[in-house]
Every structure is written in C-alpha cells, then in structure tokens.
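Worksheet: the structure to be examined is printed underneath.
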Amino acid sequence: MSFQLDPLTDPRWPEFISCHPSSSVFHTREWMTALRRTYGFTPFVLTTSGPGTVIANGIPFCRIDSLFTGKRLVSLPFSDHCEPLSAPDHLFKALPEIRAEEKLKYIELRPLSKPALPCSSRYWFHMLDLRPPLDEIFQRFHRDCVRRKIRRAEREGLETEAGRSDGLLDSFYSLQVATRRRHGLPPQPRKWFRNLLDALGEKSALRVARFEDRPVAAIVTLRHNRTSVYKYGASSAEGNRLGGMQLLLWNAIEEAKAAGMEWLDLGRCDVGDTGLAEFKERWGAERREISYYRYPEHARSAMKGSFIAKHLPSPLLIAAGRLLYRHLG
C-alpha cells in the first residue's frame, strides 16, 4: 500500500531527509517551497509509511498541470537529480495506477541510481571530492584554465561579495539574462531566484565578482548536509577573460571546506556537451552518467536554444521566461 504526504507541512519529512545519506538539496522542503511559490507546482511524497508512523522511504513529486505541456508528475522540476529514497519495488509499481487515476501524460523520475524503468534521457553528472586538504584540491585544478585564471582575477583586483540581498540579485540577474541570451534561451523568472534564496536562507549564497564596479560574474550555491551545490552561474565576456567565474568558484570551495562540506555537486550537462564537461573536469570533478526515466517512455522534450532568443530585447526575453517556465520543469 502507498500513501501521499505533504512535505511542506508534515514534520516527518525534514527529519527523514536530514538523516538519509542519499538525500540532496532537491529533496528539501525549502526547494519544494520555492517551486510552489514561483510556479504553483503542488509537491507530495509517495511513501509506504502511513500517517503517524516513522517514514521509511519516499519519492518526492510535483504535480504540473499545463494546457501546453500536459498534466504530469516530475521528481522534481528543475532539479538535476532527485534520488528515490529507500523506495521498495512495489512503490514504483504503483506509478502506472497513479498515472491512470489522474490521467497523466507521464511520470518522470530523475535518480542518481538506475531503477528498472525505461530511460528517456541521459546526462553527464559531476561531483568534486572536497575531503582532501585544500592545497591538494587546488593542485588538482587545471594549471592554465583554472589556477592561472584564479591568480589573474586576484591580480586584476576583482572584488567579490556574497549574500542574498536584492542588490546582489539584480547584479546576478542582469548577467543571467545576458548569458541565457548567448545560449538562445530565456532566463528563469527573477522571482524564482528570490524565492529560492529566501526559502533556503543561510543554506544558500549568491556571489558576485566586480571589476571596476561592474558585475562580471555571479554564481548561486546551495547546501544540504555535507554537500555544497553549484546550481547557477552567469558571466560577461569580460568576466570570462578576467577569470571571474574561477575566482567565485574557488571562493565557494574555500567556504565549503571551512563549513565541513565533503562534496561539491557541479550538476548535470547534456551528453556530448564536451565544453561544459571539460570545464567541470578541469576542477578535478569526476564524471558519471545518469538517466532520467519516464512512464510511459517517449521522446525527450527539452528546451532548445533558438536564433530568435539571441536577438530579443531583454524585456521580451524576460517576459518569455516568465511565460514558459511554469509549463516546463
């Protein structure tokens, strides 16, 4: 038998994931709160643990109901991965029944492991081990593409600031809009980042690098248990030349080590995106392949970059993001 609990109100859920070794920031009440506030997605956890019992397992989902992309369950929207936590086989067998009852287009899982379900898409995933001494971690960085870039940023006098203020968010978002335009994609709404920082509080950080008072690079990092997550990054061409991203990531690694973090999650990238994969591996991160699973299986439906988006004025590009992302995930 399976049950559905509300992770936003049930006190058992935060207790469960705080102790589970496979939980991530994407399992947290805070991540799901930001999804709910920004996009209206409805979160729930599928579990075999009934009301009033200690939670033994759980698969978090969000219900997405869109006229354009269909009604579906995703575990979880905009997450790089979301491992089913100690889920027994018969919990997965409940998914077809749920799909039929709720007349869903599909159900999607984004695990790090490999359940016996049809694969819909594959990605590369990178993790950096933070357990060695800091100087050893630094020496593992690529000499030219990372270490020298960090030193150049320091020589050029780039100034960095960390926090969660609206001023920092404005600097980040201006760079995010420009970066997404270069990729031919609209940015996620500004309120998504505001809600994420507010929900996670001290478990999140926004870092901005400036050159001569101009923001040139920015990153958003998140924390859960012993893992720090590099979730979002944006930069200008000037920032890339000066090593702004490298300096910010190095600062994030130093802070993560000081806080007792053991891993830096560098997220996913498309299989075949060798440029992004090489960027992550130059930091000493290890690559593995992960798969997303859909029931029923059908073709992947990811957002692709477009020539038009690269030339839209910023207000139109931002408006497109506000319109589109609540139908995605």
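Conditions tested, residue by residue: (1) within 23 Å of Asn251 (Cα to Cα); (2) not in a helix (DSSP H, G or I).
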position: Ala153; (1), (2): yes, no
position: Leu175; (1), (2): yes, no
position: Thr179; (1), (2): yes, no
position: Gly184; (1), (2): no, yes
position: Lys191; (1), (2): no, no
position: Asp198; (1), (2): yes, no
Check: Taking Arg226 and the conditions (1) in contact with a Phe, Trp or Tyr (Cβ under 9 Å, 6 or more places away or on another chain); (2) touching a residue at least 40 places away in the same chain (Cβ under 8 Å); (3) surrounded by fewer than 17 Cβ atoms within 10 Å (Cβ to Cβ), which numbered condition does it fall short on, given that it satisfies the others?
Finding: (2)
Note to self: So Val45 passes all but one of these: (1) at pLDDT 95 or above; (2) closer than 19 Å to Phe92 by Cβ; (3) surrounded by fewer than 23 Cβ atoms within 10 Å (Cβ to Cβ). Which condition number does it fail?
What the structure shows: (3)
Notebook entry, point to check: Is segment 108-122 home to any residue that is within 25 Å of Pro84 (Cα to Cα), touching a helix residue (DSSP H, G or I) at 6+ places or on another chain (Cβ under 8 Å) and in a strand (DSSP E or B)?
Noted result: no
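Hey, could you check segment 19-42 for residues that are among the small types (Gly, Ala, Ser) and assigned to a loop (DSSP other than H, G, I, E, B) and say which is surrounded by the most Cβ atoms within 10 Å (Cβ to Cβ)?
Ser24
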Next item on the list: Six or more apart or on different chains, Cβ under 9 Å: which pairs go from a residue in segment 39-53 that's in contact (Cβ under 8 Å) with a residue 24 or more places away in the chain and hydrophobic (A, V, I, L, M, F, W, C) to one that's surrounded by fewer than 18 Cβ atoms within 10 Å (Cβ to Cβ) and in a strand (DSSP E or B)? Could you list them?
Entry: Phe41/Arg63; Phe41/Asp65; Phe44/Gln4; Phe44/Arg63; Val45/Phe3; Val45/Gln4; Leu46/Phe3; Leu46/Gln4
Margin query: What are the pairs with Cβ atoms under 7 angstrom where one residue, in segment 99-114, is under 19 Å from Gln4 (Cα atoms) and among the hydroxyl-bearing types (Ser, Thr, Tyr) and the other, located anywhere, is modelled with pLDDT of 95 or more and buried (at least 19 other Cβ atoms within 10 Å of the Cβ)? Sequence gap at least six, or different chains.
Written below: Tyr106/Arg72
Note to self: Can you confirm whether Asp65 is assigned by TED's automatic domain parsing to the domain that holds Glu15, without any contact (Cβ under 8 Å) to a residue 24 or more places away in the chain and not in a loop (DSSP other than H, G, I, E, B)?
What the structure shows: yes
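The values are calculated or read from the model by the stated rules, or taken from the named source; none is laboratory data. The structure presented is a predicted model; accordingly, all values stated were derived computationally and were not measured. Heads up, the Cβs are rebuilt from the backbone with ideal geometry, glycines too, and the neighbour counts pull from every protein chain shown.
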